[in-house]
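Working notes, structure below.
The values are calculated or read from the model by the stated rules, or taken from the named source; none is laboratory data. None of these values were measured; they are calculated from a predicted model. FYI the Cβ positions are ideal-geometry reconstructions off the backbone, even for glycines, and counts take in every protein chain you see. Heavy atoms of the whole protein, side chains included, go into the accessibility calculation; ligands, DNA and RNA do not. Shrake-Rupley method; radii C 1.70, N 1.55, O 1.52, S 1.80 Å.
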Amino acid sequence: MTALEWHVLFRAFAEFAALARQYHFYEDEIARMGVSLLEMSPYPDKKEDD
């Protein structure tokens, strides 16, 4: 997945997740999907000593 594709997916997920959370719709699953999406990020994590 390219960085651009990841951004498109992230934006779509963020909009879906925000709406789903308003209605308490599959809250645990949404949280797990968010973590999974962030793990797929094409950008390295920032380290505390950076």
Item checked: Rounded accessible area per residue of the chain, 1.4 Å, Å² -> 91 Å²
Next item on the list: Tally up the carbon and sulfur contribution to the accessible surface of the chain as a whole percent, 1.4 Å probe, everything protein left in place.
Entry: 59 percent
Item checked: Sites Leu37 and Thr2 - FRET efficiency at Förster radius 22 Å, r taken between beta-carbons, to 0.05 -> 0.90
Item checked: Pairwise label distance in nanometres, Leu9 with Arg21, each label 7 Å out on the Cα-Cβ vector -> 2.0 nm
Notebook entry, point to check: Based on the alpha carbon coordinates of the chain, what radius of gyration and maximum Cα-Cα distance (Dmax) apply, in Å?
Noted result: 12.8, 39
